[in-house]
1. How many angstrom separate the Cα center of segment 27-44 from the Cα center of segment 131-149?
2. Can you give the FRET efficiency to the nearest 0.05 for residue 33 and residue 81, using r as the Cβ-Cβ distance and R₀ = 41 Å?
3. Would you pull out the residues with amide H under 5 Å of residue 71's amide H, same chain only if 5 or more places away, H placed 1.01 Å from N?
4. Per 0.36 nm of contour for each residue apart, how much would the distance between residue 135 and residue 3 grow if the chain were fully extended, relative to their Cα-Cα spacing?
5. At what distance in nm do the modelled label points of residue 126 and residue 180 sit from each other, each positioned 7 Å from its Cα along Cα→Cβ?
Amino acid sequence: MLEKRYDWIVNRIRPGTVVDFGSVQGEMHEYIKKNAKGVKIIDVDIANATVNHDLNKFPYPIESNFADTIVAGELLEHLQNPLGFLLECNRILKKGGKLLLTTPNAVGTYYLFPNWFTYGICTTHFYTWDMNLLLNLFKCTPLRVNQIMTMNNRHDGLLGLFLRIFKMYNPTIIVEALKV
């Protein structure tokens, strides 16, 4: 079911240069490389990436106005300074460029019922986000949120049906923001 989230991202990537932040696990990065057309993708993470850099240290070693799209999948919650990250994304994006971001939903099933799921609560999360908190964070940046919503990319069956009805409890928040 993760392909649903990956497809959402791939379908919104602008042709040109894509910077994939926090790509060390590589599954989404590989999916983007395989399915996004007309892009050059650069992965940035603390190790084993095209650009090795600690994303908690600013500025990032990437030129200003460099990227057409930035992808940050399940990253924001791991960063010590999420506002600094968004400001760096704004610096790196070309005018009209897109930031595509996913993060666990603080009011989603992942946090509300951690013992129900084998993946449990991640101990490396500095922050938890709901849609209102994310919108308030973005208000502190020049980036404009074009779309924000929750997505069920993990559950089917009865829980999946529940999440189709009560979307606010979906486990993932996805954001498309633009540099204006």
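Quick note: the coordinates plus some simple rules give every number you see, no bench work behind them. Quick caveat: nothing in here was measured; it's all calculated off a predicted structure. Here the Cβ positions follow ideal geometry from the backbone for every residue, glycine too, while neighbour counts run over all protein chains shown.
1. 25
2. Calculated transfer efficiency: 0.90.
3. Correct list: 19, 20, 21, 100.
4. 45.0 nm
5. Modelled inter-label distance: 2.8 nm.
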